[in-house]
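The values are calculated or read from the model by the stated rules, or taken from the named source; none is laboratory data. Because the structure is predicted, anything quoted here is derived from the model rather than measured. For neighbour counting, all protein chains shown are included, and Cβ atoms are generated from backbone atoms with ideal geometry for every residue, glycine included.
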Amino acid sequence: MPHGPSSVHNLYSLQSHILAEEALHPGASGDFSWIVSAISLAGKAIAHRVRRARLENALGDEGSTNVQGEAQQRMDVIANDILMRCLGSRASIAVLASEEDEEPTIMRRGKDGGKYCVLFDPLDGSSTLDSNGAVGTIFTILRNDPLIESAERTVCQQGSKQIASGYILYGPSTAFVITTGTGVALFELDPFIGSFILVKNNIRIPSSKRIYSVNEAYSESFPHGYQEYLRWAHANNYSSRYIGSLCADVHRILLNGGVFLYPPTISHPDGKLRLLYEANPMAMIMEQAGGLSYCGNTATLDVQPMKLHQRVPLVLGSRDEVRIVLGHAAGL
Ligand code: AHM
Ligand code: MG
């Protein structure tokens, strides 16, 4: 039985994992691990609130809309507040940006020690909470450029520049998936000791699996090539799985393979998912696990963002499956 640092037979926490990764970079100050520890603290607090949401009467609409014009759920606001409070105390953070807030928040300038930007969707898929569905927090960590004054321009970085990304899935267990650019690791929260414990390191997504994940009810409004893909998949014994909560759909695909699609539709002509804090973090996870992620013809990580809440069409998952979708979408 192996007993190296990546062995899942040893008890190995998220914190130890990040410290070990940081040790690979001589001269690292430790600021990065403080940020991951804040996200992990927020994840534990949000997991606790999600579990008690119905008992605390915290489900349903907040009565407000976010910048995207979507109804905010009470739990969206609670999760956002928890992340802002956990990350707000970390001295190296320059900018925080959330799906729930119209503008990014400048915490400190580069000259005052602001080194990193953290972008997040505090509670993705929150509309499924009413029926006890799995929801998640998606995050990405970027370097701050002290020469750029505008916070929005600072965070509009290509996905290939992400230092780390991941998600926390609040399902039957609480799963923390992270990459710092050296593979993908999965931790699960042991609620009795309050730590995220490593259960799987260097995750590799299967290169093919005959399962697609899409909101097929919108298929009439998909561009022709995506409709062709679905016809092809039906004729080729594909199965379908769609939860409608991105972290849950991505997590299944990461572990079992398959492909996720959110093409342009009539109501969302640019796609529904947001580039900076939904598509990019998931694309980094997929690519680090050996999968692919595309927005139209462009690799997601190469898309140049123009604004904080930019939406994109998205196809991600197993390499071969993504290529088949792209082939149909391009009319090949
Ligand atoms: P949200 O950020 O408002 O929760 O919306 C994002 C969610 C994703 O979790 C999911 O993949 C998608 O929206 C589902 O959309 P639809 O209900 O249109 O299928
Ligand atoms: Mg979202």
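One table, with the values for the structure above:
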| item | result |
| --- | --- |
| Residue identified as of a type in the set (S, T, Y), modelled with pLDDT of 95 or more and within 15 Å of I324 (Cβ to Cβ) among Y242, Y229 | Y229 |
| Residue satisfying condition, being closer than 30 Å to E102 by Cα and aliphatic (A, V, I, L, M), within set I211, I178, I253 | I178 |
| Count of the range 128-169 residues which are free of Cβ contacts under 8 Å to residues at least 60 places away in the same chain, crowded, with 16+ Cβ neighbours inside 10 Å and within 15 Å of ligand 1 (Cβ to nearest atom) | 0 |
| The range 274-300, subset among the β-branched types (V, I, T) and within 16 Å of ligand 2 (Cβ to nearest atom), residue nearest to G317 (Cα to Cα) | I285 |
| In the range 105-122, residue modelled with the lowest pLDDT [restricted to those that are more than 13 Å from ligand 2 (Cβ to nearest atom) and crowded, with 23+ Cβ neighbours inside 10 Å] | M107 |
| Qualifying residues in the range 295-312 (those that are within 28 Å of Y238 (Cα to Cα) and more than 15 Å from the chain's Cα centre (by Cα)) - the one surrounded by the fewest Cβ atoms within 10 Å (Cβ to Cβ) | N297 |
| Failed condition for V259, given (1) within 29 Å of S131 (Cβ to Cβ); (2) in contact with a Phe, Trp or Tyr (Cβ under 6 Å, 6 or more places away or on another chain); (3) among the aliphatic types (A, V, I, L, M); (4) surrounded by fewer than 23 Cβ atoms within 10 Å (Cβ to Cβ) | (4) |
| Tally of residues being in a helix (DSSP H, G or I) and among the basic types (K, R) across the range 212-252 | 2 |
| Counted residues, the range 160-202 - those being part of a loop (DSSP other than H, G, I, E, B), closer than 22 Å to L301 by Cβ and within 16 Å of the chain's Cα centre (by Cα) | 5 |
| Any hit, the range 180-189, residues being within 20 Å of M306 (Cβ to Cβ), of a type in the set (A, V, I, L, M) and not assigned by TED's automatic domain parsing to the domain that holds M282 | no |
| The range 206-251: number of residues that are touching a Lys or Arg at 6+ places or on another chain (Cβ under 8 Å), charged (D, E, K, R) and surrounded by fewer than 21 Cβ atoms within 10 Å (Cβ to Cβ) | 1 |
| Pairs, first at positive phi and part of a loop (DSSP other than H, G, I, E, B) in the range 262-288, second within 10 Å of ligand 1 (Cβ to nearest atom) and not charged (D, E, K, R), C-beta under 7 Å, six or more apart | G271/Y262; G271/L314 |
| Among (1) within 16 Å of ligand 2 (Cβ to nearest atom); (2) at positive phi; (3) surrounded by fewer than 18 Cβ atoms within 10 Å (Cβ to Cβ) - the single one G125 does not satisfy | (3) |
| Restricting the range 222-245 to residues that are touching a residue at least 12 places away in the same chain (Cβ under 8 Å) and of a type in the set (G, A, S), the residue that is farthest from P264 (Cα to Cα) | S239 |
| Matching residues in the range 83-95 - criterion: being in contact with a Ser or Thr (Cβ under 9 Å, 6 or more places away or on another chain) and either within 16 Å of ligand 2 (Cβ to nearest atom) or modelled with pLDDT under 95 (or both) | L83, G88, R90, S92 |
